[in-house]
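Below: one structure, written as structure tokens.
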Amino acid sequence: MAEKENKFAGYGIATQAIHTGTDYDAETGAVRRPLHMANSYKLPDDLSKVNYSSTDLLMYARNGNANQHWLEEKIAALYGAKDAIVLASGVGALHALFWTLLQTGDRVVYPNVSYMAVYRMFHELFNRKFGVETVMVDMTDLAAVEKAVTPGTRLVHIETPDNPTVGVTDIAAVAEIAHRNGALLSVDNTFASPLNQHPLELGADFVVDALTKYVNGHGDAQGGAIVSNDLETMDRIRYEAQVNVGAVISPFNAWQIFRGSVTFPLRMQRINESTLQIARWLEQQPCVTFVSYPGLPSDPGYETAKKQMKNGCGGVISFGMDADDKTVERFCAALKVVTFAVSLGHDESLIFPQPSYDERILLYPEKFRKGFLRFSVGLEEPEDIMADLRQAMEAVGLL
């Protein structure tokens, strides 16, 4: 597929979020892209040159749909990239990338702190099913990364900030290590978002973003994107993983995310500001044992975040409380403004405990092994969020 044309290149990200991928509807003149729910499109009169596994021609929704293509144009623009592929979910995008790049005998180095689905794919599925060598490493420790990434490594995958401890990895440094050893680098940028971080500019080959989270921002649609300047490999991903595996995004979800993306930069800036304020407040609470947020000078990732994160450090705080698992659960249930639920990046604040019996807990730094919560700050008034956290702490006897 040809490089995505960005008619608004050079404009600010808020302007691009509003205008890129948008045009007048040819039939009605409407100033909003219509929702096309069709799963099939009119074929050309001459079928002799039609490739039924191609994504260049609108013919069947699994090969691509109009709303998907408009969203891809916008996501590529937000990342300053040549191309973007939008699929059914963030995990669908991760799987599509790994499925296309890897084959039996390849070596992958990935974080010991990572999203559950990545842990499952590499720790259990790709090695057992396909004979891919998968190696976990602390990506925040560059000396450890140097040892783990050996010549012939096919792929290095990182998350920064990571899920769920919000650790920060030096993208440029890991890119140099990966490329020196002949490996590609993929970066999950979901926690940072394209407002705060552009991994391609720092040396990454591929970026994955769970659009379900900040870009959509309303908790009502799923989607995931792969972003890259490598057009040849992006075409392979479309052919191998979209068309022939089928993790295609629905037109409705693409339309919803396209709509949500218009306000993304404004929402993200507000979330950046509120999250830093709340992280500072949490540091002062006597029942809080640690606060992990790279916007805090006390955080080990602070200097790296200052170097590679442009406008803020995102909306996720991980913190600990001097409490057992049941007390942490009761704390979450006592919240009135903050919502006790999984996911992140919504308009409402979300909180989720990471229990001490989680099988991955021993992979995390020791401080994360008791009373650990992942907190996604939303768009409510930060004073209301802090008051809610305080009343819940008091309700379970922590203050």
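Quick note: the coordinates plus some simple rules give every number you see, no bench work behind them. All figures in this text were calculated on a predicted structure; none of them were measured in a lab. Please note: Cβ atoms are built from the backbone with ideal geometry, for glycine as well, and neighbour counts cover all protein chains shown.
Order 10-21, 257-268 from most to least packed using the mean count of other Cβ atoms within 10 Å. Numbers along the way, then the final one.
Values: 10-21: 17.6, 257-268: 22.2.
Highest-to-lowest ranking by the protection proxy: 257-268, 10-21.
Just to be sure I understand the model, the point goes 7 Å from the Cα along the line to the Cβ. What's the resulting Ala387 to Ala333 distance in nm?
Between Ala387 and Ala333, the label points sit 2.5 nm apart.
Given segment 290-399, what whole percent of its Cα pairs are spread farther than 18 Å? Spell out each step's value before the answer.
Numbers: 3149 of 5995 pairs.
So the pairs more than 18 Å apart make up 53 percent of the total in segment 290-399.
Going by the alpha-carbon gyration tensor, a ≥ b ≥ c the square roots of its eigenvalues, is segment 105-244 rounded (a/c under 1.5) or, if a/c is not under 1.5, prolate (a/b greater than b/c) versus oblate?
Rounded, because the longest to shortest axis ratio a/c is under 1.5.
How would you rank 209-220, 323-334, highest first, on the average number of other Cβ atoms within 10 Å across their residues?
209-220, 323-334
Quick one, what does Rg over Rh come out to for segment 230-377 if you take C-alpha atoms and the Kirkwood Rh? Show your work: numbers first, answer last.
Details: Rg = 18.6 Å, Rh = 17.8 Å.
The Rg/Rh ratio comes out at 1.05.
Among the listed pairs Lys147/Lys370; Lys7/Lys307; Lys42/Lys82; Lys326/Lys367, which are separated by more than 26 Å between their Cα atoms? Display every interim value, and only then the final one.
Working: Lys147/Lys370 30 Å; Lys7/Lys307 29 Å; Lys42/Lys82 28 Å; Lys326/Lys367 18 Å.
Those over the limit are Lys147/Lys370; Lys7/Lys307; Lys42/Lys82.
If I build a Gaussian network model for the chain, linking alpha-carbon pairs within less than 10 angstrom, which residue out of Met116, Met136, Met321 has the largest mean-square fluctuation?
Highest fluctuation of the listed residues: Met116.
Who wins for biggest fluctuation among Glu124, Glu232, Glu27 in a Gaussian network model of the chain, springs between alpha carbons below 10 Å?
Answer for the Gaussian network model of the chain: Glu27.
Show the residues, 5+ positions off or on another chain, whose built amide H is closer than 5 Å to the amide H of Tyr60.
When sequence neighbours closer than 5 places are left aside, the close amide H contacts are Tyr41.
Taking N as the number of residues in the chain, what is its Cα Rg relative to 2.2 N^0.38 Å? Mind dumping the intermediate values first?
Details: Rg = 21.4 Å, N = 399, 2.2 N^0.38 = 21.4 Å.
Computed over Cα atoms of the chain, the ratio equals 1.00.
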